[in-house]
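Novice: One structure, pasted below without further comment.
The values are calculated or read from the model by the stated rules, or taken from the named source; none is laboratory data. Model, not experiment: these values are computed from the prediction. Cβ sites come from the backbone with ideal geometry, for glycine too, and all protein chains shown count toward neighbours. Just so you know, the surface numbers come from the protein's heavy atoms only, side chains and all, with ligands and any DNA or RNA stripped out. Shrake-Rupley method; radii C 1.70, N 1.55, O 1.52, S 1.80 Å.
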Amino acid sequence: MRLDQTPGEGTGSEELRVSTIELFFDLVFVFAITQLTTLLAGDPTVAGLSRVALIFGNLWWMYGGYAWLTNAVPPRASLLRLLMLLSMAGFLVVALAIPSAFAGGGVTFGVGYLLVTLVHTGMFLLSSQQSAVRAMRRLGPVNAITALLLLLAGFTDGALRWTLWTVAFGLHWVSPFFTAVPGFPVRAAHFVERHGLIVLIGLGESIVAVGIGMAGHHLRPDRVVTAALGLALAAAMWWLYFDGEDEQAERVLDAAEVDRTAWLALYGFGYAFLPVLGGIIVFAAGVKNAVAPHGEPAIASTAWLLAAGLATYLVGLAWFRRVLGIGPIGARVAIAGAVLPTVMAGLAVSPQAQLGVLAAVVVGGVLAESAWEHRKVRKGSPAQACAGSRGALS
């Protein structure tokens, strides 16, 4: 019996749920997201955004890799739990080094990232899923090369450092096309739950950003209103994903053929989640910078972080729907387009005014989309309703 099996349980169990050690592991991701948000809020320039994008792109690949890992290799045995804790230590080092990853902390970032990568590969090779083992024997060396590129970047500077970071990012995200992605088994319920929790963590960061932005400032009524508007927007973002998207995604993964399931999981929860989670980080940085000013027009960077962050999140959700075929994307794209002109409200009046307009646009769009979808369901024919009932019971 391999380390990822327990007596009386097959490796294909669909009852696997997210374990407490995985939730404990997610605490590191909270810190990493906070670091990225703070980094972008402190340097809201094109160069700063590019740094955050490269760091997050590489970070999300390996963090997402651990979601695939615990899906295939449930960390029940003591050895696996100890390895998970070791990988947490590596991720903590990476998170600590994020602010200086493109400066003096580059080597530290690279060492932590290499540790995370090697533990990930080693744990996968302990799986009883032979298809996963074979797939990791092809993907593991590519991940190691990417980690070494990031470590090497820590010893360089200037254009060469940027080049190495960009190549590492690109290599990660093209590697599925020449490695054995279909070899990785996917337990749909666990996989969807795991990624849903990551979305919650990201949205929680946007709320934390409000508190961080208020640190050192008096709690005036206008700032309380700003905080409430930030919470309303975070709630709308939550609604957009958790009002059925996760449940439908689970059903799609369950119903797909084995070889196709892994690709759907990769495209939906890998590629599409890049703008979903990246948009949350950008929005949170905008909220952090929007809280302190009072009665003054927003600076351009703050206004664009708020609007572009929400738009990116919405485009990511539309892409997610398109990949999994779980609903129309027109409303999501329309809301994304509608939030961009709110920059004018921020530049002309204040960031608080922009948050108010954003809340009205997004909340209104959410309610309109929900009402339209319910109306569409009610207008369905009795035959379609019966077919849907039979499908649900089968």
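Novice: Taking the Cα centroid of segment 237-262 and of segment 75-127, what is the distance between the two, rounded to the nearest whole Å?
Specialist: 29 Å
Novice: I need the shape label for segment 78-130. Rule: rounded when a/c is under 1.5, else prolate if a/b > b/c, else oblate, with a, b, c from the alpha carbon gyration tensor.
Specialist: prolate
Novice: Given a Förster radius of 41 Å and the C-beta distance between residue 107 and residue 177 as r, what FRET efficiency does 1/(1 + (r/R0)^6) yield to the nearest 0.05?
Specialist: The value I calculate is 0.85.
Novice: Sticking with this one: By average Cβ neighbour count within 10 Å, what is the ranking of 351-361, 227-237 from highest down?
Specialist: For the peptides 351-361, 227-237, the packing ranking is 351-361, 227-237.
Novice: For the pair residue 379/residue 96, report the inter-label distance in nm, with labels modelled 7 Å from Cα in the Cβ direction.
Specialist: 5.9 nm
Novice: Hey, can you find the accessible area per residue of the chain for me, probe 1.4 Å, expressed in square angstrom?
Specialist: Accessible area per residue, the chain: 42 Å².
Novice: Between residue 260 and residue 163, what is the label-to-label distance in nm when each label sits 7 Å out along the Cα-to-Cβ direction?
Specialist: The two pseudo-label positions are separated by 4.3 nm.
Novice: Calculated from DSSP H runs of 4 or more alone, at -39500 (n - 2.57) each and per residue, what is the 222 nm mean residue ellipticity of the chain, nearest 500?
Specialist: The helix-only estimate for the chain comes to -26000 deg cm²/dmol at 222 nm.
Novice: Based on the alpha-carbon gyration tensor of the chain and its eigenvalue square roots a ≥ b ≥ c, which shape applies: rounded if a/c is under 1.5, prolate if not and a/b is larger than b/c, or oblate?
Specialist: It comes out oblate by the Cα gyration axes.
Novice: On to the next question. State the Cα centre-to-centre distance between segment 294-331 and segment 344-361 in whole Å.
Specialist: Cα centroid to Cα centroid, the span is 15 Å.
Novice: Further, regarding this structure: Could you tell me which of rounded, prolate or oblate describes segment 136-220, using a ≥ b ≥ c as the square roots of the eigenvalues of the alpha-carbon gyration tensor, with rounded for a/c under 1.5 and, failing that, prolate when a/b is larger than b/c and oblate otherwise?
Specialist: Cα axes put segment 136-220 in the oblate bin.
Novice: Quick one: ranking 161, 260 by accessible area, 1.4 Å probe, largest first, what do you get?
Specialist: The ranking, largest first, comes out as 260, 161.
Novice: Carbon and sulfur: what percent of segment 255-345's accessible surface (1.4 Å probe)?
Specialist: 68 percent
Novice: A follow-up question, please. Helix check for the chain. Which DSSP H runs span at least 18 Å along their own axis by Cα, with a mean Kyte-Doolittle hydropathy no less than 1.0?
Specialist: What comes out of the filter, once short or polar helices are dropped, is 20-42, 78-97, 106-124, 188-214, 221-242, 273-291, 300-324.
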